[in-house]
Amino acid sequence: MHTDTFLVAAGRPARSPGASVNTAVELTSTYAADGPVNYARVDNPTWNAFEEALGGLEGGLALVHASGMGAISAALSLAGPDATVVTPDQTYNGTGDLLRAHESGAGTVVRRHASDTAGLLVAVETLGPGDLLWLESPTNPLMDVIDLPAVLARSRDRGVTSVVDNTMATPLLCRPLQLGADVVVHSVTKYLSGHSDVVLGASVVADTDRGRQLGDRLRRHRTLHGAIAGPMEVYLALRGLRTLSVRFERACANAAELAARLETHPAVARVRYPGSGAMMAIDVAGAPDDPGPAERVCAAARLWLHSTSLGGVESQIERRRRHPSEPDTVPQSLLRLSVGIEHLDDLWADLDQALNAGTVALRP
Ligand SMILES: *Cc1c(COP(=O)(O)O)cnc(C)c1O
């Protein structure tokens, strides 16, 4: 089955006369004894429908978590108390904050490396079983692309547990389990649900002995720490997932064309577009350490939504250094763009006027 078809067909109730086309939202905390499901913190049929769809999409076994950070917390718990965790120096800022908390806690050593393949290959050589490799590609917000097959193969040879945050690429562009990753995590909040109306996360492991062992630990973390998803959120995410391929196709086409046009825009010093996907970043003309012009561009935008987050149907723009936890390797002048599914001409007209308005003071 093609992915587009799978997205529509997966996670449906069995077809029988009178059966519902959609999985029911089960609003119950408990179940009558001796059935397949016992208590809704442990399991829930509404979760299972979404997990079946996402698992199939990534080629593994999925678990839904209360948020992307819920999934990330569960995945980080796979590092033992004295483990070393290797990450690129650029990670999602929530992940970075959580790693700092681990560092000051249970003896975990965190080593950050330049977000490039060569640096990570060297770093992985120092790791062994029990240690953890954390990857994101492309990185957020600088859009660096890491050679995942190369780094993951080295990590697997050394018995290291590897995790890939696949939120930005989505399984339509990248399937890390097929490239050798042990665990994939998602902020389902973003592209997978796609309408900026839920906060949700997921983890996925391979359907192998090693994968199922890791999956059992992730499930136990979810059950005991209690960061579980509400059934309504999961229903909305599965509804959003139905249209992922058409949304993403349009968003990626818009992004490719906008990236090409921005290359020659006088108000743009640099375009950081990885060549695929619907995310990019631009360095606004002027001094890299001057937030002024970039802030004015955001303020002048009318159609583009000045907000954090990404992956919704609506286009979003944000100066990432607004957040104190964003590292100083990110220029003050950098704007991150999450390109949506609106008409290209409208997106370009608004972005062009906003860029011109924001940088008017820079012109002689
Ligand atoms: C948003 C995001 C997260 C965190 O997900 P939440 O659903 O907000 O908890 C993690 N990783 C990436 C790459 C993200 O964009």
So, in the stretch 149-159, exactly how many residues are of a type in the set (A, V, I, L, M, F, W, C) and surrounded by 22 or more Cβ atoms within 10 Å (Cβ to Cβ)? 2
Flag if P129 is farther than 20 Å from L238 by Cα, buried (at least 24 other Cβ atoms within 10 Å of the Cβ) and not polar (S, T, N, Q): no
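Taking the conditions exactly as written (modelled with pLDDT of 95 or more, closer than 25 Å to T170 by Cβ and of a type in the set (K, R)), does R320 satisfy them or not? Working first, answer last.
Working: modelled with pLDDT of 95 or more: yes; closer than 25 Å to T170 by Cβ: yes; of a type in the set (K, R): yes.
When the stated conditions are applied, R320 passes them.
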Which residue pairs have Cβ atoms closer than 6 Å, lie 6 or more positions apart in sequence or on different chains, and pair a first residue in the stretch 189-206 that is at positive phi with a second residue that is more than 11 Å from the ligand (Cβ to nearest atom) and modelled with pLDDT of 95 or more? G194/G240; G194/R247; S196/G312
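Output the residues belonging to the stretch 38-62 that are among the hydrophobic types (A, V, I, L, M, F, W, C) and surrounded by fewer than 19 Cβ atoms within 10 Å (Cβ to Cβ).
Just the residues of the stretch 38-62 that are among the hydrophobic types (A, V, I, L, M, F, W, C), to begin with: 40, 42, 47, 49-50, 53-54, 57, 61-62.
Listed by number, the list holds a single entry, V42.
Looking at D97, D82, D89 in this structure, which one is more than 8 Å from the ligand (Cβ to nearest atom), surrounded by fewer than 22 Cβ atoms within 10 Å (Cβ to Cβ), acidic (D, E) and within 19 Å of S187 (Cβ to Cβ)? Break it down stepwise before answering.
Values: D82 fails: within 19 Å of S187 (Cβ to Cβ); D89 fails: within 19 Å of S187 (Cβ to Cβ).
Testing whether each residue is more than 8 Å from the ligand (Cβ to nearest atom), surrounded by fewer than 22 Cβ atoms within 10 Å (Cβ to Cβ), acidic (D, E) and within 19 Å of S187 (Cβ to Cβ) leaves just D97.
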How about the stretch 268-364: which strands (runs of 3 or more DSSP E) wholly inside it have at least 1 residues that are closer than 30 Å to R242 by Cα and among the charged types (D, E, K, R)? 268-272, 316-319, 334-338
Filter the stretch 53-92 for residues that are without any contact (Cβ under 8 Å) to a residue 40 or more places away in the chain and within 15 Å of the chain's Cα centre (by Cα) and give the result. none
Any hit, the stretch 160-176, residues being more than 16 Å from the ligand (Cβ to nearest atom) and surrounded by fewer than 18 Cβ atoms within 10 Å (Cβ to Cβ): no
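Sort through S338, S309, S333, S325 and tell me the only one that's within 16 Å of the ligand (Cβ to nearest atom), under 27 Å from the mean Cα position of the chain (by Cα) and surrounded by 15 or more Cβ atoms within 10 Å (Cβ to Cβ).
Details: S309 fails: surrounded by 15 or more Cβ atoms within 10 Å (Cβ to Cβ); S333 fails: within 16 Å of the ligand (Cβ to nearest atom); S325 fails: surrounded by 15 or more Cβ atoms within 10 Å (Cβ to Cβ).
The conditions single out S338.
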So, of the residues in the stretch 177-197 that are more than 11 Å from the ligand (Cβ to nearest atom) and among the charged types (D, E, K, R), which turns out to be surrounded by the most Cβ atoms within 10 Å (Cβ to Cβ)? D182
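The values are calculated or read from the model by the stated rules, or taken from the named source; none is laboratory data. Just so it is clear, the model here is predicted, and its values are computed rather than measured. Every residue, glycine among them, receives a Cβ derived from its backbone with ideal geometry; neighbour counts consider all protein chains shown.
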